Amino acid sequence: MSRKLSLFAVPGIVLAALLAAPASPAVAANPYERGPAPTNASIEAARGSFAIATTTVARSSVSGFGGGTIYYPTDTSVGTFGAVAISPGFTASQSAVTWLGPRLSSQGFVVITIDTLSTLDSPDSRGTQLLAALDYLTGSSSVRTRIDATRLGVMGHSMGGGGSLSAARTRPALQAAVPLTPWHTTKSWPTVTVPTLIVGAENDTTAPVSSHAEPFYTSLTAAPEKAYLELNNADHSAPSSGQNVTAAKYSLAWLKRWIDDDTRYDQFLCPAPSGSTIQEYRATCPHT
């Protein structure tokens, strides 16, 4: 027969010890949270709270992509980090997207900005190369032990943005995709099941939003979450020249929300943000 122990039956000295014992520390609601609680100022800042280091990946040392640069937090006390691969656009080298490396890494991600095998590579080829870069990061890079291989995302500018859509279609296990003023001849992406933020630009004449970013967004019918952010009075190169704060801010919030499952960033994505730098915003709000 089972017996229940009443506090009244516990000797006084034992009861006093039980009552005086410190409570067990609370378990974090989300073990993937990295960094302090975000504010508008913190996610608009050029640098986050993590000190970072870089390492160069020589083209000759890898296969499947053209080498690149890895940016990573130096802090090893908080556990592993999610990782993001970023591709430049047509005719461009990684220098077009390197500004995003330290910006995102200092917020708590391992980031690789890549050179492609050819500056003339197609979007689909860039998508394959983004995945090769992630496989390198998690499989054989010098920072592989710092990465949680289940929490990965892709980004890209122009044809690199089209490549990030292609990568998301190929690898549904990805946690997030962020195409920046994306260009692709394929206009419909109904099989993409990765949370995707598409950033378009109002004055983009290279990849006009009416024939690229907007139909891409509309076609993401299987994506569990999606958003469309159109930069006000901006052109195609906005995410690659001049370090566009709005593109960086909401890209960071999207990566944090879906790669790190960090609901502290919901406030920046839902309800729809507004301001002089945003022409239009659409999203599947509220997030579930």
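Quick look at the values:
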| quantity | calculated |
| --- | --- |
| Degrees separating the helix 123-139 axis from the principal Cα axis of the chain, which is the longest one | 30 |
| Span from the the stretch 225-253 Cα centroid across to the the stretch 257-278 one, whole angstrom | 13 |
| HN-Hα J in Hz across the stretch 32-42 - Karplus 6.51, -1.76, 1.60, θ = phi - 60°, x for Gly and Pro | 9, 4, 10, x, x, 4, x, 10, 4, 5, 5 |
| Tilt relative to the chain, helix 245-259 - C-alpha long axis, 0 to 90 degrees, to 10 | 50 |
| Antiparallel DSSP beta bridges within the chain, percent to nearest 5 | 40 |
| Between 0 and 90°, nearest 10: helix 159-170 axis offset from the chain longest Cα axis | 50 |
| Residue of Arg257, Arg59, Arg126 that the Gaussian network model of the chain assigns the largest fluctuation, springs spanning Cα pairs under 10 Å | Arg59 |
| Volume of the Cα convex hull of the stretch 142-206, divided per residue and given in Å³ | 100 |
| Proximal charge balance of Asp148 [Cβ under 12 Å; K/R count +1, D/E count -1] | +2 |
| Hull volume in cubic angstrom per residue (convex hull over the Cα atoms of the stretch 147-249) | 92 |
| Tail weight of P(r) past 37 Å, computed on alpha-carbon pairs of the chain, percent | 18 |
| Distance histogram for the stretch 85-194 (every C-alpha pair counted, 10 angstrom bins, percent rounded to whole numbers) | 17, 51, 29, 3 |
| Within the stretch 164-251, trypsin sites (Lys or Arg not before Pro) in DSSP loop having at most 13 other beta-carbon neighbours inside 10 Å | Lys187 |
| Relative contact order [Cα under 8 Å, 6+ residues apart], the chain, whole percent | 15 |
| Charge sum, other residues only, whose C-beta stays under 14 Å from Ser219's C-beta, Lys/Arg counted +1 and Asp/Glu -1 | +3 |
| Neighbourhood net charge (15 Å Cβ-Cβ; Lys/Arg +1, Asp/Glu -1) for Thr170 | +1 |
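Laboratory data are not the source of any read-out in this text; all were calculated from the coordinates shown. Worth saying up front: this structure is predicted, and the values here are computed from it rather than measured. Quick reminder, even Gly has a Cβ in these numbers, built from the backbone with ideal geometry, and neighbours come from all protein chains shown.
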